[in-house]
Every structure is written in structure tokens, then in C-alpha cells.
Amino acid sequence: MKTKQLVLTAVLLAMCIVFQSMKGISVYLTGSAVNTILVMATLAVGTSSGIFIAVMSPIIAYFMGFTPIMQLVPLMIFVVMIGNLTLVLLAGRGRKEKLPAWLALGAILKAAVLWLLVWYAVLPFFGGAIPEKMVGVVKTTFSMTQFITAAIGCAIAFVIHTRVKHLYVTE
């Protein structure tokens, strides 16, 4: 990465952390903002920037205590990473052609990956640490809520991208 790309990645990661810290306001605001940042990092700076933020943001969220489910089941860090990476890699593929289709597919597959991992791997094998009253919330959060926030984030990123793509410092 060049210096400018590194600096932009650091700024976007900092913005991501700020939005993650606002989770108490609304998961829809926080999730949409984080997904927007993941896609914008990928489109504006490069796929490696998106990958870095996709991996680092759940780690930081865990250590800062932003996500209660991660505190109960630390394995969720990797589940969220995989979901984020799914979105970033598909957005990266869309940098060359058919961006709206790749972003739509990214939102759908991110939600599907998280749904499958949480419902069929994490909860059955590691769900004992989760209080019974939280299980329904976890199931909803890592399925429909993820789709909604990923779709909103992709839509916002696409609008921003079409307006400022001439300013990018891509790989």
C-alpha cells in the first residue's frame, strides 16, 4: 500500500470504530454505516483496504466490548469477519464491472453466510453461553438485520461512489 492508501484505510477504520461505538443508538444505523465503510474502503482505496477493515473491525469491537454476543461467544469474531469478507470480496469484484449487481449479491451472501454460520454452527455448538432470551435476537440480528444493513450500506456506498469516484487512489 502506498502512504495515501494507508492513511485513508486508517481514517476509514477509525470511522468504523466510531460507528461501532454507537451501537446503542440503533443497530440499523451502526450496521449500515459499517457496511458503507467496508464497501467504500474497497471501492475507493482497494480490496486490500476493505479486507483489512473487514478483519480488524470485529476484533476491535470485541476488545472494546461493543457487541455483547462477542463477549459471550468470542468465536463470533471470526463469523463476523467471514461475513464482512464476503461483502468486501464481492464489492471488489464489482469494481471492474456491474457494480450494482455485485453489491446486491454481496448483501445477500453476507446475510446468508452469517445466517448459516450462526444458526447451524455457533448456536448449536456454542450457544450454551447465550441466555435463552437472547437466542431469538441473535438469530434475527445475524440474518434479516444483516441483510437490511448490508443492503442499505451498499446502496449508500454506491451513491457516494458514483459521485466521487474520480477522486480515488486505488491499487
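Would you point out the residue of the range 86-96, among those that are of a type in the set (D, E, K, R) and either in contact with a strand residue (DSSP E or B) (Cβ under 6 Å, 6 or more places away or on another chain) or within 16 Å of TYR168 (Cβ to Cβ) (or both), that is surrounded by the fewest Cβ atoms within 10 Å (Cβ to Cβ)?
LYS96
Any idea which residue in the range 19-34 is surrounded by the most Cβ atoms within 10 Å (Cβ to Cβ), counting only those that are over 19 Å from PHE147 (Cα atoms) and among the small types (Gly, Ala, Ser)?
Per the criteria, the residue is SER21.
Report, by residue number, each residue of the range 130-139 that is surrounded by 13 or more Cβ atoms within 10 Å (Cβ to Cβ) and part of a helix (DSSP H, G or I).
Within the range 130-139, MET134, VAL137, VAL138, LYS139 meet the criteria.
Suppose we keep only residues that are hydrophobic (A, V, I, L, M, F, W, C) and over 18 Å from the mean Cα position of the chain (by Cα) within the range 102-130. Which one would you say is nearest to ILE69 (Cα to Cα)?
Only one residue tops the list, namely ILE130.
Give the residue that is surrounded by the fewest Cβ atoms within 10 Å (Cβ to Cβ), with candidates limited to residues of the range 1-18 that are closer than 12 Å to GLY50 by Cβ and of a type outside the set (A, V, I, L, M).
Applying the filter and picking the extreme gives GLN5.
Of the numbered conditions (1) modelled with pLDDT under 95; (2) assigned to a helix (DSSP H, G or I), MET15 satisfies every one except a single condition; which is it?
(1)
Tell me which residues, restricted to the range 70-116, are polar (S, T, N, Q) and either part of a loop (DSSP other than H, G, I, E, B) or in contact (Cβ under 8 Å) with a residue 40 or more places away in the chain (or both).
Listed by number, the list holds a single entry, ASN84.
Do you know which residues across the range 22-46 are aliphatic (A, V, I, L, M) and either part of a loop (DSSP other than H, G, I, E, B) or within 15 Å of LEU85 (Cβ to Cβ) (or both)?
Within the range 22-46, MET22, ILE25, VAL34, ILE37, LEU38, VAL39, ALA41 meet the criteria.
If you check LEU29 against the conditions, is it free of Cβ contacts under 8 Å to residues at least 24 places away in the same chain and under 25 Å from TRP102 (Cα atoms)?
Yes; evaluated as a whole, the condition is true for this residue.
Are there any pairs with C-beta distances below 8 angstrom linking a residue in the range 40-65 that is at negative phi to a residue that is charged (D, E, K, R) and surrounded by fewer than 20 Cβ atoms within 10 Å (Cβ to Cβ), with the two at least 6 apart or on different chains, and if so which?
From the range 40-65, the pairs are THR42/ARG95; LEU43/ARG95; LEU43/LYS165; ALA44/LYS165; VAL45/GLU171; THR47/ARG95; THR47/GLU171; SER48/GLU171.
Looking at (1) within 28 Å of ALA121 (Cα to Cα); (2) touching a Phe, Trp or Tyr at 6+ places or on another chain (Cβ under 7 Å); (3) not aliphatic (A, V, I, L, M), which is the only condition PRO100 fails?
(1)
The values are calculated or read from the model by the stated rules, or taken from the named source; none is laboratory data. Here the structure is a predicted model, which is why all the values come from computation and not from measurement. Note that we place each Cβ from the backbone using ideal geometry, even for glycine, and neighbour counts take in every protein chain shown.
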